[in-house]
1. If you check B:139, B:119, B:99, which single one turns out to be in contact (Cβ under 8 Å) with a residue 24 or more places away in the chain, hydrophobic (A, V, I, L, M, F, W, C) and in a helix (DSSP H, G or I)?
2. Is it the case that region B:53-65 has a residue that's aromatic (Phe, Trp, Tyr), in contact with a Ser or Thr (Cβ under 6 Å, 6 or more places away or on another chain) and more than 24 Å from residue B:287 (Cα to Cα)?
3. Please identify the pairs in which a residue from region A:86-109 that is free of Cβ contacts under 8 Å to residues at least 12 places away in the same chain has its Cβ atom under 7 Å from the Cβ atom of a residue that is crowded, with 24+ Cβ neighbours inside 10 Å, counting only partners at least 6 apart or on another chain.
4. Please find, within region B:305-329, the residue that is nearest to the other protein chains (Cβ to nearest Cβ) out of those that are among the β-branched types (Val, Ile, Thr) and surrounded by 24 or more Cβ atoms within 10 Å (Cβ to Cβ).
5. Hey, could you check region B:340-358 for residues that are within 26 Å of residue A:449 (Cα to Cα) and either in a strand (DSSP E or B) or open to solvent by 10 Å² or more (accessible area, probe 1.4 Å) (or both) and say which is nearest to the other protein chains (Cβ to nearest Cβ)?
6. Residues in region A:407-429 that are of a type outside the set (Ser, Thr, Tyr), under 10 Å from residue A:390 (Cβ atoms) and at pLDDT below 80: how many?
7. For region B:359-374: of the residues being in contact with a helix residue (DSSP H, G or I) (Cβ under 7 Å, 6 or more places away or on another chain), away from every other protein chain (no Cβ under 11 Å) and open to solvent by 10 Å² or more (accessible area, probe 1.4 Å), which is farthest from residue B:116 (Cα to Cα)?
Amino acid sequence: MVWPTPSRHLSVSLRAGAFAALAAASWQRPQEPPAAPPAPAARAASGRVILRADAAWVDPQTRISPAYIVVADGRIESVQSTEPRGPGKRVEVRGTLAPAIVDAWSGLVPEDLLQDGHPTALHRVGDALPVDSPGADPELAARVAAAFQAGIGAAWLSGGAGILQRGLGTPARFSGSDLPVATGFEALEVSLGSARLSGPAALLDAEKLAELFESAEALRDAREEYKEKLEQYRKDLEEYQKKLDEYARKKQEQEEKGKEEEKKEKPAGEKQGGPQGGGGGRSAMEPGGQTAPPEDGWQRGQRRAQEGGPPPQEAKPDEARKKEEEKKEGPPKRPARPKEPDRNPALDLVLRVMDRELAVRADANSAADIEKLLALRERYGFDLVIAGGDEAHLLAERLADAEVPVVLPVSAPGSGPPEVRLAQRYQELRRAGVRVALASGGSDAGAVLLLLRAGELVAAGSDPEDVWASLTSVPAEILGVEAGLGRLRPGADAVFLSFEGRSPFDASAPSRGFRP
Amino acid sequence: MHPLAVLALLAPLQERAAFILEPDAVVLEDGKAQPGLLVLVKRDRILAVGPSVPQPAGAERWRLEGVLAPGFVDAFSSLGVAGRAEENTRTLTPQLRAAETLDLADPRWRRWLAAGVTAVHVVPEPVNSGGLWSVNVVAGWAALVEPAGSGAFAGPGAPLAQVADPLTRQAFSLLEAAFGGRNTRAGPTSLPGALELLDGALLAGVPELAQRGALVFVDSAAAVRAARSAAQKHRFAPAWIARGDVGSYGAELSGELVGLPVLDEASYEPRALETWRRLRAAGVRIAFGSHREEGPPPPQALRTTAMAFARATGDARAALEAVTANAAAIAGQGRDRGRIAAGARADLVLWSAHPLDASARVKSVMIGGRTVFRAAPREDP
């Protein structure tokens with residue numbers, strides 16, 4: 001049987017009998033997918049599985065037919081067009097296997113996260129995900145299962161919208177329990193006023209974001225300054241300690257000197273007025289026979305000062321006074337500890353962005369906001385992704401020059417003027433060389449429409465390889481999960497889209513998510 | 001298109017000889033694109049379909065690159081209506097004709113034609129907009145409209161649509177959600193009241209009801225049961241238009257022909273898809289229509305809904321029927337339209353691939369054996 005080449009335009013239903021004739025007796029047909037998601041144990045890959053499909057879309061540019069994909073422990077071991085050797089359970093898959101779609105903007109988060117209209121800037125979506133255990137969140141699992149059946153194998157999970165900083169979104173794979181598991185690179189999410197928000201958040205603009213960066217920069221400067229001051233403080237403290245020790249030593253010396261002088265003066269004092277000889281005479285004795293305590297150097301200095309009396313101190317310059325004080329025999333002044341700048345975890349996140357530890361994912365639609373984001377990026381050098389981008393096509397050249405990718409949602413009610421269709425935005429961005437990921441836009445409806453809208457882009461004249469890349473390899477790169485998703489290659493996750501039509505966009509034939 | 005076809009198209013319909021179409025594939029009633037089939041057309045009818053067909057004398061054979069499919073039919077719509085198709089001072093308007101409310105120069109006709117729609121079933125409004133009378137219990141006559149060609153395919157100043165049948169079916173409305181509206185000062189405030197009005201109207205006689213049947217707008221199980229009872233009593237066949245939360249009463253429509261509204265962007269929610277699956281499992285024959293309160297959706301809505309239906313249910317055949325044969329049946333035109341079979345009208349669309357393939361595009365449209373639209377040529381990917 002001659003397998004029709006993928007470039008043919010006909011939608012030809014597959015003739016299962018022909019495969020049966022070709023297949024060796026050891027090939028087993030997979031069971032029909034059950035209505036309800038099966039238990040994870042049944043789906044988890046155990047041992048080595050050799051999938052045989054009519055064809056495979058290895059990556060956006062590469063097709064092979066037939067296709068043999070070896071899977072071991074949930075990962076692809078090899079992809080080839082000749083039957084591999086070695087042990088393994090052989091499974092025949094009707095149709096074509098392709099990498100599962102990566103949804104660069106998904107709403108597959110727990111319901112309470114979606115309801116939270118005011119997440120804090122420190123909100124981490126990854127922390128809000130349920131534990132990957134069957135039954136942990138049945139509602140979320142049902143939605144993930146539906147998305148998987150629509151061919152989506154991984155997604156970007158956003159926090160709730162509503163404020164400028166929405167916290168840290170995260171990419172996530174889907175586990176065997178149909179739950180999202182955070183993986184890949186987090187990013188700081190921001191929503192600018194032109195994004196699809198309502199209420200006060202809709203009034204936010206790029207200027208406020210710029211202020212945030214400036215505040216973070218000021219905080220960094222303040223911390224640098226604090227470090228320097230702290231260092232100086234330590235030195236001053238050492239110096240102070242030395243002076244204190246010196247002061248104590250001098251004081252000790254003075255005391256001892258004073259005592260010696262006391263001893264010298266004492267006999268003369270005793271001869272003059274006190275009992276003679278015998279040493280028992282009274283000297284300058286206090287009434288009651290008590291001896292006045294010997295005067296220490298400090299007291300002597302004060303007495304002399306009182307007797308002689310230095311002239312009243314006139315107001316002197318600080319420096320002069322300081323010098324004078326230094327001359328006086330007083331303890332040194334302890335240096336003041338510098339005040340540490342207040343902690344600000346929200347600005348710390350922005351600092352991580354500036355240090356390129358975190359990317360920024362900005363939900364922005366107007367050309368003005370996008371332009372300001374580009375300027376901000378140019379100033380601070382962070383990694384930026386634009387999501388939404390209703391007017392991104394107006395800045396296509398600049399986005400391409402800056403290598404800033406754009407995530408276009410296929411289903412976004414109220415997004416921009418109706419005449420600016422998705423096809424126009426997509427084609428203009430791609431023509432300029434911008435990396436574009438197509439996404440569901442955060443709604444279940446979008447997940448249903450994702451492949452259909454992508455197909456319509458092809459009908460409107462977009463290159464089918466380009467469109468397919470925008471669903472797979474490009475979003476995988478943007479989300480930082482390209483090692484495991486977006487292409488069929490050794491080491492990648494064994495999670496597929498299986499379709500029987502001429503392409504994944506062909507709804508006249510079955511297609512589904514598939515995990516051996 | 002074959003150069004000879006251009007000459008044939010310019011000939012008046014009545015004088016045109018038969019011609020044979022030889023596309024890459026033909027979409028038959030099973031919903032699959034079958035290669036190697038020929039379609040014999042004479043005047044406005046398909047005479048034969050098969051791997052070989054009779055070759056009448058003088059019949060030209062045209063090789064077509066693409067997949068030939070029946071034209072889409074919009075089962076219930078308000079496309080092209082100037083204002084609203086209703087008389088809002090009375091609740092019983094059997095004489096009202098939707099055909100008389102049409103703007104045949106509305107440019108949307110051409111856009112729908114370009115989207116592969118060859119017939120639109122325009123219905124009267126089921127709910128009164130003025131609020132005086134809450135529902136239009138007997139709303140009037142629906143009409144079938146064909147988009148017409150323009151430019152090179154029509155004479156100067158020709159309308160962009162033509163009424164193919166001004167009296168398809170009467171429309172009755174038992175939409176419970178509309179009873180006793182806030183602004184209602186008159187009209188039925190409950191289902192029993194509406195039934196009483198309907199019964200009276202039917203007893204008084206609705207012209208051609210028995211022959212043509214009626215469209216019945218429902219949104220509850222009670223409405224379905226009541227309408228079914230009225231249909232049995234007065235001996236007419238209802239064609240259902242289901243509104244509201246169909247999932248809550250769809251079981252009442254098991255095995256019936258039911259019109260459902262197309263979904264807009266925000267409506268593709270899990271519940272809607274699950275409702276489709278359950279209706280299909282209950283043997284409901286589904287037809288999609290574009291009628292909605294806020295006016296017609298974009299022209300691609302019919303096809304998008306059909307594709308989403310195919311994806312959600314895994315039943316491409318039912319999906320295609322929903323916008324072709326079943327939709328034509330809602331309009332009482334099930335034998336004539338919505339299928340490529342001997343005896344049916346030659347309302348045909350040439351696609352670059354299967355019509356349910358989202359990457360396919362319309363290449364040309366033929367209505368009644370006459371090409372009325374041809375897309376700008378583009379190299380297929």
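1. From the options B:139, B:119, B:99, the qualifying one is B:99.
2. Within region B:53-65, none of the residues are aromatic (Phe, Trp, Tyr), in contact with a Ser or Thr (Cβ under 6 Å, 6 or more places away or on another chain) and more than 24 Å from residue B:287 (Cα to Cα).
3. none
4. Per the criteria, the residue is B:305.
5. Checked region B:340-358; the qualifying residue nearest to the other protein chains (Cβ to nearest Cβ) is B:357.
6. Here the count works out to 5.
7. Applying the filter and picking the extreme gives B:370.
Okay, residues lined up against (1) within 14 Å of another protein chain (Cβ to nearest Cβ); (2) out of contact with any strand residue (DSSP E or B) (no Cβ under 8 Å at 6 or more places or on another chain); (3) surrounded by fewer than 16 Cβ atoms within 10 Å (Cβ to Cβ); (4) of a type outside the set (Lys, Arg):
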position	(1), (2), (3), (4)
A:334	no, yes, yes, no
A:368	no, yes, no, yes
A:383	no, no, no, yes
A:386	no, no, no, yes
A:407	no, no, no, yes
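The values are calculated or read from the model by the stated rules, or taken from the named source; none is laboratory data. Model, not experiment: these values are computed from the prediction. Note that each Cβ is placed from the backbone with ideal geometry, even for glycine, and that neighbours are counted across all protein chains shown. Side chains are part of the model used for accessible areas, which takes the heavy atoms of the whole protein and leaves out ligands, DNA and RNA. Shrake-Rupley method; radii C 1.70, N 1.55, O 1.52, S 1.80 Å.
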